[in-house]
Amino acid sequence: MRRSSIEPKHFALTEFFREQILSGKIQQGERLPSDEMLAKEYGINKRTVAAGLAKLVSEGLINRAPGRGSVVIRQNVIFRKNNVVGCIANSSGEVYSPMETELTTQIMRKGFYPMWVPESLYRVATSTPRHPLFFQFTERFIDDMPYGLLIHGERFMPFDMLERNRSKFDRLVFICDYLHTKKMKAKYVLIDYKAAAKKAIRYLMRNGHRKVTLLTTARLLPGMTPQECYHNAICEVCREYGMEYDAEIPDLLWKNTDPVPVFRMIRRRKITAALLAFDSVVWIYRNAMETAHLRIPEDLSVIGLYDTNSYNEPITTLNIQERKIAGYATEMLFEESRDIHEIYVEPQLIERESVRSI
């Protein structure tokens, strides 16, 4: 029960008893140790203990009364109020629409009703982290005590708010990504970035390529974006396989308002292959590539890391297997896979006509 020096003194106490109560290790009706005992154990004063326990009172986990101490009341407030499952995830486009359909179908087969955060509101959150409207919507929805939540664990999710309100819903499953500083009490069905990188790099090596880079429109922030996760996986796999990875190109694409010089640099550095943060990156940069006289696949072979195929072009790509993710997620939501807490799904390589043998 150690705590960081930058955390409030009562934080470790609150977090420890919250986990004990929610996991059932401390049952309804049981008493917590006295304030005096907790103060001595944690090396804090009684007033600080009271602050930590007051947080558990506000969450509906314990009741405190003079002469009775702190008594667990979790089962008085935790119950399945409705048959709604909150779905906070990207649900549009050729990648995520099939996953939304599959999740909706499987949840309804169980007699439950998925409620998806409106796409427009989800988009607002992705562009403006901690956007107040998205935050308020999510918090009010949780206040209605849904059966469970399915969440795409991107960086803009209010993870701290989810943790504060964890007692209001029984089941929490993160899908695709989990970009947070610490693990929560939840289940996870995530994309296996390293497996995806291995499949892409092996395929390029079989076709004679020895130098690769990453094309992205997003800034690579440590632990903050799926693109950064792929970047790290590519670095690791290239080291293992002896492939040269030019990690400067994605950073230069972000920093330069004019991408043409960057694509000319790709030619000068004799980079023959690139992985795409998502398939349509090549169409976003199409004019710049043409100006730099960089043709696909004659001058640059490409593999997409997400199978969007938005422009119906023949791009070799990795399908994240959204239907498989949806299947595992619903199993975990309804505890059909009771002993499994983490699953990493390997994307499937789909060969098209954007990789040239050299």
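Cβ-Cβ distances below 8 Å connect no pair with a first residue in region 156-171 that is without any contact (Cβ under 8 Å) to a residue 12 or more places away in the chain, a second residue that is buried (at least 19 other Cβ atoms within 10 Å of the Cβ), and a separation of six or more residues or different chains. If you go through region 280-298 one residue at a time, do you hit one that is within 31 Å of the chain's Cα centre (by Cα), at pLDDT below 95 and under 18 Å from Ala197 (Cβ atoms)? The answer is yes; a qualifying residue exists.
Filtering region 127-159 to residues that are within 18 Å of the chain's Cα centre (by Cα) and either more than 15 Å from Trp116 (Cα to Cα) or small (Gly, Ala, Ser) (or both) leaves Ser127, Thr128, Pro129, Arg130, His131, Gly148, Gly153, Glu154, Arg155, Phe156, Pro158, Phe159.
Which residue is surrounded by the most Cβ atoms within 10 Å (Cβ to Cβ), if the candidates are limited to region 100-153 and must be among the hydroxyl-bearing types (Ser, Thr, Tyr) and outside any helix (DSSP H, G or I)?
Tyr147
Please work out if Lys182 is within 14 Å of the chain's Cα centre (by Cα) and among the basic types (Lys, Arg). Against the criterion (within 14 Å of the chain's Cα centre (by Cα) and among the basic types (Lys, Arg)), Lys182 qualifies. If only residues of region 1-25 that are of a type in the set (Gly, Ala, Ser) and not in a helix (DSSP H, G or I) are counted, the one that is modelled with the highest pLDDT is Gly24. Considering region 42-73, the residues that are of a type in the set (D, E, K, R) and touching a residue at least 40 places away in the same chain (Cβ under 8 Å) include one that is nearest to Lys185 (Cα to Cα), namely Glu59.
Every residue in region 258-276 that is buried (at least 16 other Cβ atoms within 10 Å of the Cβ) and in a loop (DSSP other than H, G, I, E, B), please. Of everything in region 258-276, those that are buried (at least 16 other Cβ atoms within 10 Å of the Cβ) and in a loop (DSSP other than H, G, I, E, B) turn out to be Pro259, Ile271, Thr272.
So that you can scan it fast, the table gives a plain yes or no per residue for (1) surrounded by fewer than 19 Cβ atoms within 10 Å (Cβ to Cβ); (2) in the same structural domain as Ile234 (by TED's automatic domain parsing); (3) among the aliphatic types (A, V, I, L, M):
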site	(1), (2), (3)
Leu162	no, no, yes
Cys176	no, no, no
Lys199	yes, yes, no
Leu204	no, yes, yes
Asn207	yes, yes, no
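Residue check: Thr213 meets all listed conditions (1) in contact with an Asp or Glu (Cβ under 8 Å, 6 or more places away or on another chain); (2) in a helix (DSSP H, G or I) but one, namely (2).
The values are calculated or read from the model by the stated rules, or taken from the named source; none is laboratory data. For clarity, every value in this text was computed on a predicted model and none was experimentally measured. Glycine also receives a Cβ, built like all others from the backbone with ideal geometry; neighbour counts cover every protein chain displayed.
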